[in-house]
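The values are calculated or read from the model by the stated rules, or taken from the named source; none is laboratory data. All figures in this text were calculated on a predicted structure; none of them were measured in a lab. Cβ coordinates were reconstructed from backbone atoms using ideal geometry, including for glycine residues, and neighbour counts include every protein chain displayed.
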Amino acid sequence: MVDSQIRARGVSDSRVLAAMEKIPRHIFVDAGLTEQAYNDSPLPIDERQTISQPYIVALMTEALRLKGKEKVLEIGTGSGYQTAILAELAASVFSIERIASLAGKARRTLDYLNYYNVAIRVGDGTYGWREESPFDAIIVAAGAPDIPRILVEQLDVGGRLVLPVGNRSTQELIRITRLSDDVNDVKKEQLGGCRFVNLIGEYGWES
Ligand code: SAH
């Protein structure tokens with residue numbers, strides 16, 4: 001998976017590649033999907049949600065530019081697969097999932113794999129996690145109609161926010177880098193097209 005789908009398509013951060021080689025993706029999907037777990041595609045998890053495509057997970061993670069000491073916020077825990085990768089690459093991960101059953105299952109999987117630097121909370125992640133801010137990096141694993149300003153506010157100066165922005169069916173991956181104390185002083189980069197499930201919440205889509 002890592003050689004043919006991720007390295008071959010241009011992801012080169014050696015820490016990201018090593019984390020993806022280490023973490024068993026099949027543990028995050030139902031037993032019936034084990035044989036498809038290393039294919040280049042998203043797969044269904046419970047509650048009509050999906051575990052993201054491995055290449056997109058790698059691309060988004062590389063875009064966060066993690067070195068190891070960061071505090072990271074993730075919105076959309078889902079299966080917890082992306083969460084485990086972040087837990088390998090940063091100091092601590094705070095992850096928010098709106099569907100309680102998914103959050104519970106992800107917690108159990110991450111405990112089983114011994115990821116103890118992860119806090120998971122059930123709720124609307126479009127508000128961020130103010131008490132734990134500022135974050136060095138924020139990643140949103142569901143498609144948003146716009147860039148939630150409240151998330152940019154929770155970025156440290158120099159921090160990166162990576163999220164898909166677009167309509168309900170297709171989005172563009174965007175990286176926002178906060179440049180100063182002024183929340184409007186940001187650099188915005190486009191990283192390519194993608195398709196994510198909808199970000200549902202106050203600063204996302206209506207359910
Ligand atoms: N990275 C995850 C992706 C899961 S799909 C994985 O690979 O498994 C996106 C997830 O975002 C879904 O589980 C969905 O329930 C969740 N989600 C959507 N809107 C949300 C919101 N406002 N706050 C928190 N989670 C949200």
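In table form, for the structure just shown:
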quantity: Residue list for region 150-185, restricted to those being surrounded by 15 or more Cβ atoms within 10 Å (Cβ to Cβ) and over 18 Å from Ser133 (Cα atoms); calculated: Pro164, Val165, Gly166, Gln171, Leu173, Ile174, Arg175
quantity: Matching residues in region 40-53 - criterion: being in contact with a strand residue (DSSP E or B) (Cβ under 6 Å, 6 or more places away or on another chain), within 20 Å of Asp111 (Cβ to Cβ) and in a loop (DSSP other than H, G, I, E, B); calculated: Ile45
quantity: Given (1) within 14 Å of the ligand (Cβ to nearest atom); (2) in a loop (DSSP other than H, G, I, E, B); (3) touching a residue at least 60 places away in the same chain (Cβ under 8 Å), number of the condition Ser79 does not satisfy; calculated: (3)
quantity: Subset of region 157-204 (residues that are outside any loop (DSSP other than H, G, I, E, B), within 14 Å of the chain's Cα centre (by Cα) and under 22 Å from Glu97 (Cβ atoms)); calculated: Arg160, Leu161, Val162, Leu163, Pro164, Val165, Leu173, Ile174, Cys194, Asn198
quantity: Qualifying positions in region 150-174 - free of Cβ contacts under 8 Å to residues at least 40 places away in the same chain and basic (Lys, Arg); calculated: Arg168
quantity: Residue satisfying all of: in region 82-98; hydrophobic (A, V, I, L, M, F, W, C) and part of a loop (DSSP other than H, G, I, E, B); nearest to the ligand (Cβ to nearest atom) among these; calculated: Ala90
quantity: Where Leu66 falls short, out of the listed (1) more than 13 Å from the ligand (Cβ to nearest atom); (2) surrounded by fewer than 23 Cβ atoms within 10 Å (Cβ to Cβ); calculated: (2)
quantity: Condition broken by Val72, with the remaining ones in (1) touching a Gly at 6+ places or on another chain (Cβ under 8 Å); (2) assigned to a strand (DSSP E or B) satisfied; calculated: (1)
quantity: Region 99-149 - residue that is part of a loop (DSSP other than H, G, I, E, B) and near the ligand (Cβ under 9 Å from one of its atoms) and, of those, surrounded by the fewest Cβ atoms within 10 Å (Cβ to Cβ); calculated: Gly123
quantity: Inter-residue pairs, beta-carbon under 8 Å, first under 20 Å from Leu199 (Cβ atoms) and acidic (Asp, Glu) and in region 90-115, second in a helix (DSSP H, G or I) and at pLDDT 95 or above, 6+ apart; calculated: Glu97/Ala103; Glu97/Ala106; Glu97/Gly125
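This table checks each residue for (1) among the aliphatic types (A, V, I, L, M); (2) touching a strand residue (DSSP E or B) at 6+ places or on another chain (Cβ under 7 Å); (3) more than 23 Å from Arg98 (Cβ to Cβ); (4) not in a loop (DSSP other than H, G, I, E, B).
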| residue | (1), (2), (3), (4) |
| --- | --- |
| Arg15 | no, no, yes, yes |
| His26 | no, no, yes, yes |
| Tyr38 | no, no, yes, no |
| Ala58 | yes, no, yes, yes |
| Thr61 | no, no, no, yes |
